[in-house]
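To start, the structure itself, in structure tokens.
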Amino acid sequence: MNCFDCASLGGHATAVAICADCGAAVCADHAHVTARWLTRTMVINRVVAVEPPARTIRCAVCQAARDTAGPYAGVQASGAR
């Protein structure tokens, strides 16, 4: 499988991952790896982060969209319709 971003630029590189958001194949140069902290609920509703963090791999386009949207992307405010 080949990198989608390299192919769109006229290049050729072997893909090493799939974007978690759009599903495009990406090479090591175009892959953006970020930490995703998983949590679990302990006694008395205490939320604890699980170590080590999971990783999420995204293409350059999806990562740029996430960076632009900010830290609360995808979180709906309470009371919003």
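Within region 27-55, can you find the residues that are hydrophobic (A, V, I, L, M, F, W, C) and either in contact with an Asp or Glu (Cβ under 8 Å, 6 or more places away or on another chain) or under 23 Å from ALA65 (Cα atoms) (or both)?
Selection gives CYS27, ALA28, ALA31, VAL33, ALA35, TRP37, LEU38, ALA54.
Is there any pair linking a residue in region 53-68 that is within 20 Å of ALA15 (Cβ to Cβ) and charged (D, E, K, R) to one that is part of a strand (DSSP E or B) and modelled with pLDDT of 90 or more, with Cβ under 6 Å and at least six apart or on different chains, and which?
ARG55/VAL33; ARG58/HIS32
Are any residues in region 1-26 outside any loop (DSSP other than H, G, I, E, B) and under 16 Å from ALA64 (Cβ atoms), and if so, which ones? Give the steps one after another, and end with the answer.
As a first pass, look at region 1-26 and keep what is outside any loop (DSSP other than H, G, I, E, B): 2, 4-8, 14, 17-18, 25-26.
Hits for region 1-26 are PHE4, ASP5, SER8, VAL26.
Against the conditions (1) exposed (fewer than 15 other Cβ atoms within 10 Å of the Cβ); (2) assigned to a loop (DSSP other than H, G, I, E, B); (3) at pLDDT 90 or above, where does ALA65 fall short? Just the number, please.
Exception for ALA65: condition (2).
The values are calculated or read from the model by the stated rules, or taken from the named source; none is laboratory data. Remember, predicted model here, so these are calculated numbers, not experimental data. Counting neighbours? That spans all protein chains shown, and the Cβs are built from the backbone with ideal geometry, glycine included.
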